[in-house]
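S.K.: Supplied in structure tokens, the structure appears directly below.
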Amino acid sequence: EHIKKIIEKLKSRSVFWGISMTLTSKNFEVITEETFIKEVMGLGCRLFFYIGYVPVKEGTEEFILNPEQESKVQSIINIFI
């Protein structure tokens, strides 16, 4: 709710804003979903940064994107540019 209020303030003031999201094998489907992207764009977001997860702690390697997800990233980006 707090973030939604901030977004509404940005939108009402026509502020150019963006988001940075870390892509993991676990959240890939959700944050690259066309409906999610369009929803965030509808809130006024105009810049997206997708950052691939890089393990910094041993035992978190399962969060790295799999090869299929890696290959989908560029095609997803191309849809919206």
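S.K.: Please find, among ILE51, ILE3, the residue that is β-branched (Val, Ile, Thr), modelled with pLDDT of 90 or more and open to solvent by 70 Å² or more (accessible area, probe 1.4 Å).
M.R.: Result of the check over ILE51, ILE3: ILE51.
S.K.: Got a number for residues in segment 55-81 being open to solvent by less than 100 Å² (accessible area, probe 1.4 Å) and among the aliphatic types (A, V, I, L, M)?
M.R.: Number satisfying all stated conditions: 5.
S.K.: Moving on to the next point. Condition test on GLU1, is it over 22 Å from GLU70 (Cβ atoms) and among the acidic types (Asp, Glu)?
M.R.: Yes: the conditions hold for GLU1.
S.K.: Quick one: in segment 6-48, of everything that is open to solvent by 80 Å² or more (accessible area, probe 1.4 Å) and not in a helix (DSSP H, G or I), which residue is farthest from SER71 (Cα to Cα)?
M.R.: In this case the residue turns out to be ARG13.
The values are calculated or read from the model by the stated rules, or taken from the named source; none is laboratory data. It should be emphasised that the depicted structure is a prediction, and the values quoted were computed from it without experimental measurement. Every residue, glycine among them, receives a Cβ derived from its backbone with ideal geometry; neighbour counts consider all protein chains shown. Protein only, heavy atoms only, side chains kept; ligands, DNA and RNA dropped before computing areas. Shrake-Rupley method; radii C 1.70, N 1.55, O 1.52, S 1.80 Å.
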